[in-house]
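Engineer: Can you read through this structure? Questions will come right after.
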Amino acid sequence: MVAGPQQLLARLDRIGAVLRDGGHALALIGLGSAGLERERLDEWSDLDFFVIAEPGWKRRFLDDLDWLAAAQPLAWQHRSSGEGGKVLMTDGVFCDFAVYEPGELEAVPFAPGRVVWRRKGVDAALAMPRRAPPPATTDEAWIVGEALAALHVGLQRWRRGERLAALRLVQGQALDRLVELDALRTHPVAGDPFDATRRLEVRHPRLADELPGALDGDVDDFVSGGPEDLLPLGHGGGIV
């Protein structure tokens, strides 16, 4: 089951109404495509949001998800951290949420959000982060150096027979550095400050077309030969 944008936004509004009527909540903040980037919302989106609770009531919202079930029955739930969790509702809507008390937001990095609901008198500035997301590296030499090192060590481990460790280095760490370099050099579409792989296919279609060959599970296909074959990556080849 999938939910369209209107159903997702209506569900978030419904959660806000439940919080309003239940007491002890101060605000509901939509994030990402459920926040200020609603043009990205589609039937494959999940709902990301913060609940801001009265001081002393955070644990109540985390320990008992009846407020979410009141918006729509839950098919599955998972406590993923000390601040939040994930739920799948019976109609296919997936929610990824966190609960904070107002004073805790000072230390939480997040992208600016949208106030879905707030109690009268609560400052709408709660949806604006006090702490910015960590900046992406701008050191191209470091990125390329890390990629080359991961490729070299990964190839050695592949030849030794350590296939899992090699795959994680070559098709994990090295590819992550490639994505970072792409994000540094191309900015037609905003990326995700917490995950550089998000929206890569839109940001850089040519690179996206090459990904199947880079993710086929065969390190020999991705990087063949010895260390000398890695040099073009730093001299006008695939990475740079």
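Engineer: Only one of 184, 155, 167 is within 19 Å of residue 111 (Cα to Cα) and at pLDDT 65 or above. Can you tell me which?
Structural biologist: 184
Engineer: Using beta carbons and a limit of 9 Å, which pairs, at least six apart or on different chains, have the first residue in segment 106-126 and in a loop (DSSP other than H, G, I, E, B) and the second one basic (Lys, Arg)?
Structural biologist: Taking only residues 6 or more apart or on different chains, the pairs are 108/130; 108/131; 110/131; 119/20.
Engineer: For the structure I just gave you, tell me whether residue 15 is touching a strand residue (DSSP E or B) at 6+ places or on another chain (Cβ under 6 Å) and modelled with pLDDT of 90 or more.
Structural biologist: The answer is no for residue 15.
Engineer: Could you check segment 3-57 and list, in sequence order, the residues that are basic (Lys, Arg) and touching a Ser or Thr at 6+ places or on another chain (Cβ under 7 Å)?
Structural biologist: 40
Engineer: Does residue 49 satisfy the condition of being part of a helix (DSSP H, G or I), crowded, with 18+ Cβ neighbours inside 10 Å and among the aromatic types (Phe, Trp, Tyr)?
Structural biologist: Criteria not met by residue 49.
Engineer: May I pose another question? Just to verify a result, which residue in segment 7-36, among those that are in a loop (DSSP other than H, G, I, E, B) and in contact (Cβ under 8 Å) with a residue 40 or more places away in the chain, is surrounded by the fewest Cβ atoms within 10 Å (Cβ to Cβ)?
Structural biologist: The qualifying residue surrounded by the fewest Cβ atoms within 10 Å (Cβ to Cβ) is 36.
The values are calculated or read from the model by the stated rules, or taken from the named source; none is laboratory data. In this text the structure is predicted, and so the values were computed from the model without any measurement. Counting neighbours? That spans all protein chains shown, and the Cβs are built from the backbone with ideal geometry, glycine included.
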